[in-house]
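Here's the structure, in structure tokens; my notes come after.
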Amino acid sequence: MCPVSGVVNYVRNISRLWVRNIVSSAWDVRSMWPDRKIIHNVVYMKRGAVLLCLVVSVFFLGMTTPAQAKESVFKNSCLLASDTPLDVVTVKQRGDWNCKPTKEAARYPYVWLRMNIDSPALRDLSKAGDLELASDASPFRGLMVHMEFTDGSESSHYYDAQALARHFGAGTWFSLPLDTKGRALQALYVRVDKPMGILVSEMLELDSGAHADGERLSALVSFALVVGMMGLAAFYCASLFIVMKAKFILYHAFTGVLLALYTIASSSLIFLFFPGTTLWVRSGLSYGCAALAMAMLVPFLLSFLERDALSPLFKKIGMSFTPFACFAALVVPIFGEVLPFKIRPLYHLLFVPGPIIFTLVCVNAWRRGSIAVRYVVLAWALPVAMAAERVLRGLNFYSAPIEWDYGFYVAMGYESIVMVMAVAWRVSQLRRERDRALARRDELTILAETDGLTGLPNRRSFDRQEWMEKDHLVLLDVDHFKLVNDQHGHLIGDAVLKVIGRELAFAVEDRILVRAWRLGGEEFGALIVSESGSQASVAMDELRQNITAAVAHEVSVLKKPLTLSVGVAPAWGATLSRTYRLADAALYRSKALGRDRVCYTQSNSEKSTIYECIAAA
């Protein structure tokens with residue numbers, strides 16, 4: 001027999017390995033973000049490892065199928081139900097036992113089951129001290145166990161719900177060792193006190209302790225792997241959300257966390273980490289997390305699918321399921337003890353619209369050409385089908401072995417991994433859309449800040465310029481430009497402006513200027529870096545003369561040389577408006593001195609002296 005402590009240590013070690021893997025994977029996603037190819041490569045490499053874990057989970061879960069026949073207590077017992085607790089002496093004297101019990105007969109607050117042990121195999125297990133009583137661990141108050149042995153002796157024990165929780169079994173079951181003290185069991189009496197539903201009575205069975213421990217070990221390992229996959233998916237999505245800020249990534253991260261909590265609570269893992277957890281707390285947490293995860297599915301779908309994937313009507317239909325799921329999350333914690341035998345069907349009844357709405361939404365998105373919905377169907381078709389099957393069982397249409405529940409957990413682990421790949425695909429798609437939008441925005445920004453005639457940045461760009469130390473503002477104005485237009489026409493005037501713009505652009509390329517602008521009409525601006533205004537004015541005087549020569553060469557129809565007047569002022573340590581006024585004052589000083597020259601100031605105070613450039617004299 002495998003000791004419970006060994007099982008606990010084994011699963012804890014597995015869980016630690018998973019946590020380290022999840023955390024390192026989360027940082028991998030954060031660091032790899034800038035390269036989309038790296039995202040895809042890492043996701044696909046992780047996919048192989050996770051799918052291997054999924055196969056291992058299925059293998060372990062397959063090991064939980066009975067290696068030997070279990071003996072059902074309910075099907076081989078007589079039943080006596082009552083509204084008040086009856087002791088064992090009283091029930092032995094009663095003659096109204098029902099030896100062909102039905103599920104309806106077990107819908108009472110107190111249910112006695114009497115089973116005669118005729119099987120030699122069970123008697124041998126009893127003698128060996130290897131017999132356990134197991135059942136579904138749905139919330140109930142306690143269990144009275146009375147045993148009669150072939151030697152005429154008897155033994156009675158009462159186990160409250162907290163004691164039963166310490167004897168957790170595979171999955172959602174408890175497995176209670178029977179203290180037979182090496183005696184052969186002849187008859188077994190079991191009383192179930194205040195159950196939430198009929199599952200505890202209906203699923204009672206006798207099993208070998210060694211077999212139960214083997215099931216417990218394989219189930220714990222499997223559930224740890226499934227929780228690890230869900231946690232891994234949640235951490236991936238949380239890391240991606242930090243970068244992308246897309247709502248559907250956050251919704252799926254929350255869904256993964258809720259499904260992981262649901263699996264921890266509904267399985268026996270919760271008793272490993274929180275041994276004092278009661279069956280009612282475990283069930284409330286389990287039912288609540290499952291319902292909230294389903295409620296989170298709706299906003300996830302609406303934000304994950306393309307913007308026009310659903311019609312407005314079907315968006316409303318999808319959102320209509322959220323109130324049902326949210327209310328279902330509160331049903332068991334609030335009304336569980338008040339409405340025994342009714343709360344479980346009521347809870348599952350609230351989920352009946354879920355599979356229907358999911359199908360309608362997916363069909364509508366598919367017909368409208370959505371690509372994202374294909375990933376949703378691939379990931380969620382199996383879990384939704386399994387959930388629909390569980391809803392039917394929850395409505396008491398039929399019962400099924402515990403192994404049927406394991407398929408749902410594996411389906412949810414599968415969904416988490418497939419949706420991680422779907423989220424990665426959707427993120428890459430959104431990134432491409434974002435890149436196209438940014439490129440278009442940059443293109444429009446360039447168009448909005450570029451002068452159409454000269455190709456230089458315009459006044460809008462000039463107003464956004466940030467000025468630093470040693471920057472000087474230069475204003476250039478074409479002398480007598482109106483005469484050019486009047487004598488030669490606007491086409492010649494435009495040709496002159498194009499040559500000036502080209503020469504300023506060449507100066508920027510040659511790093512004489514940092515930037516150049518056409519501020520309006522025949523006025524241009526420039527940014528030059530220099531230690532002083534005098535040095536800047538010398539450079540601008542040379543550039544001014546080069547522009548005059550270029551215009552004379554390329555616009556030969558002009559009768560007189562075209563000249564420019566220039567004003568220079570330091571730009572740091574003052575507001576742009578003050579700098580502009582000083583440069584403009586220097587420009588007008590150039591005009592007043594006879595044009596065709598450069599004037600500058602050495603400081604940016606309002607009383608700065610304006611000097612004429614020596615090189616222009």
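Worth a mention:
- Using alpha-carbon coordinates, inclination of helix 209-244 to the longest axis of the chain, degrees: 20 degrees
- Principal-axis tilt of helix 490-509 within the chain, Cα atoms, nearest 10 degrees: 60 degrees
- Surface exposure of the chain, expressed per residue as accessible area with a 1.4 Å probe, stands at 46 Å².
- When only the Cβ of Lys, Arg, Asp and Glu is charged (+1, +1, -1, -1), the dipole of the stretch 482-617 relative to its Cα centre reaches about 280 debye.
- Spatially proximal lysines relative to Lys470 (Cα-Cα < 23 Å; intrachain offsets below 8 disregarded): Lys607
- Placing +1 on each Lys and Arg Cβ and -1 on each Asp and Glu Cβ, with no other charges, gives the stretch 396-503 a dipole about its Cα centre of roughly 220 debye.
- Dipole-positive endmost among Ala507, Leu558, Ile446 within the stretch 411-565 (Cβ charges, Cα centre): Ile446
- Ranked packing of 429-440, 300-311, most packed first, by mean Cβ within 10 Å: 300-311, 429-440
- Size estimate for the stretch 71-212 follows the Kirkwood approach: the inverse of mean 1/r over distinct Cα pairs works out to 15.0 Å.
- Peptides 582-593, 168-179, 488-499 ordered by packing proxy, namely the average of other Cβ atoms within 10 Å per residue, highest first: 168-179, 582-593, 488-499.
- Portion, in percent, of the accessible area of the stretch 191-280 that falls on carbon or sulfur, probe 1.4 Å: 76 percent
- Antiparallel %, DSSP beta bridges [both residues in the chain], to 5: 95 percent
- A DSSP coil position with no more than 12 other Cβ atoms inside 10 Å describes the following trypsin sites (Lys or Arg not before Pro) in the stretch 182-261: Lys245.
- Across the chain, Cα-Cα distances exceeding 39 Å account for 54% of all pairs.
- Here's the list of aspartates and glutamates a cross-link from Lys245 could span, going by alpha-carbon distance under 17 Å and ignoring same-chain residues fewer than 8 apart: Glu306, Glu433, Asp435.
- Inverse of mean 1/r across different Cα pairs in the stretch 98-176, Kirkwood, Å: 14.5 Å
- The charge dipole of the chain, taken about its Cα centre with unit charges on the Cβ atoms of Lys, Arg (+1), Asp and Glu (-1) only, comes to about 740 debye.
- When the Cα positions of His157, Ala536, Thr277 are compared along the charge dipole of the chain, Ala536 comes out farthest toward the positive end, with charges on each C-beta of Lys, Arg, Asp and Glu.
- Nearby lysines by direct alpha-carbon distance to Lys559 (threshold 30 angstrom, same-chain neighbours under 8 apart not counted): Lys482, Lys498, Lys591
- Set Lys70/Lys92; Lys75/Lys181; Lys70/Lys100; Lys100/Lys127 screened for pairs whose C-alpha atoms are more than 23 Å apart: Lys70/Lys92; Lys75/Lys181; Lys100/Lys127
- Helix axis angle, 279-304 relative to the chain longest principal axis, alpha carbon, degrees: 30 degrees
- Think of the stretch 278-420 as having a plus end and a minus end, set by charges on the Cβ of Lys, Arg, Asp and Glu; of Leu360, Ser286, Pro312, Pro312 sits farthest toward the positive end of this dipole.
- Just the protein heavy atoms count here, and of the accessible area of the stretch 459-614 at 1.4 Å, carbon and sulfur take up 50 percent.
The values are calculated or read from the model by the stated rules, or taken from the named source; none is laboratory data. The model shown is predicted, which means the values in this text are computed figures rather than measured ones. Ideal geometry is used to build each Cβ from the backbone, glycine not excepted, and the neighbour counts take in all protein chains shown. These area figures cover heavy atoms from the full protein model, side chains too; ligands, DNA and RNA do not enter into them. Shrake-Rupley method; radii C 1.70, N 1.55, O 1.52, S 1.80 Å.
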